[in-house]
Amino acid sequence: MNFSLDTKNSTKGFSLIEVLVSLSIFTIVVTVSVGTLLVLIDANTKSQSQQNVMTNVTFALDSMVRDIRTGSDYYCDDADSNPNPDSDDVKDCAAGDTFFAFNEGGNSLTAGKGSSRIAYRLSEIDGVGAIERRLGTGSWSRVTAPLVDITDLRFTLTGSARLSVASDVVAPTLTIYITGQSGGAGDLGADFVIQTTVAQLLLDI
């Protein structure tokens, strides 16, 4: 028996069509994978931005609440009307306003500041909304980070006038409402809303 080998047909490769189909499938897989990776990176960046913002705003809010709770002579007004931070008047704002002042319960913050008055207001610095604080007769200083854009700050105060009535034991109640956006361009910015209520705590000492 004689066997003959056709060396021309013994080795086969991929045809042009098969190569093109393979490259197309590979391109689709890579495109989908890269798109998914970009979405994950964007979500992670947005999450970190939101976390940093919430940490900063929560810290500022906790500091405000701690001082306000032990304070007295609550006064609420519209920041645009340029209210006097040094006034010891009391005033409700049931509809909500952007300025709030009170007398500090002790002197840990206002010692040497010329007054025991602490005031907060909504302001705009370099086109970014911010919460500002004034200690005593000093100057206004920012308490929220530049990457945090505070779009609204509302103080809703009821019961402040009751302080002048000795027989009235109902404490003034203040609700603080903050809305804003974290830093970042386009979709990287994240909106947030924080609200808390503070009741005056008069220390019996």
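No value in this document is a laboratory result; all are computed from the given coordinates. Since the model is a prediction, treat every value here as computed from it, not as a measurement. Heads up, the Cβs are rebuilt from the backbone with ideal geometry, glycines too, and the neighbour counts pull from every protein chain shown.
Label positions at residue 54 and residue 88, each projected 7 Å from the Cα along the C-beta direction, are separated by 4.2 nm.
Taking 0.36 nm per residue of separation and subtracting the Cα-Cα distance, full extension of the segment from residue 38 to residue 179 would add 47.9 nm. For region 23-28, putting each phi into the Karplus relation 6.51 cos²θ - 1.76 cosθ + 1.60 with θ = phi - 60° gives couplings of 5, 5, 4, 4, 4, 5 Hz, in residue order, rounded to whole numbers and with x for Gly and Pro.
Amide H to amide H distances under 5 Å link residue 71 with 105, 201, where only residues 5 or more positions off or on other chains count and H is placed in the peptide plane. Once backbone amide H atoms are built at 1.01 Å from N, residue 96 has 157 as its partners under 5 Å, excluding neighbours fewer than 5 places away on the same chain. Evaluating 6.51 cos²θ - 1.76 cosθ + 1.60 at θ = phi - 60° for every residue in region 110-126, the Karplus couplings come out as 9, 4, x, 9, x, 6, 9, 7, 10, 10, 10, 7, 8, 9, 10, 10, 6 Hz, glycine and proline recorded as x. Near residue 112, within a Cβ-to-Cβ distance under 15 Å, what is the net charge of the other residues, with Lys and Arg +1 and Asp and Glu -1? So the surrounding residues net to +2.
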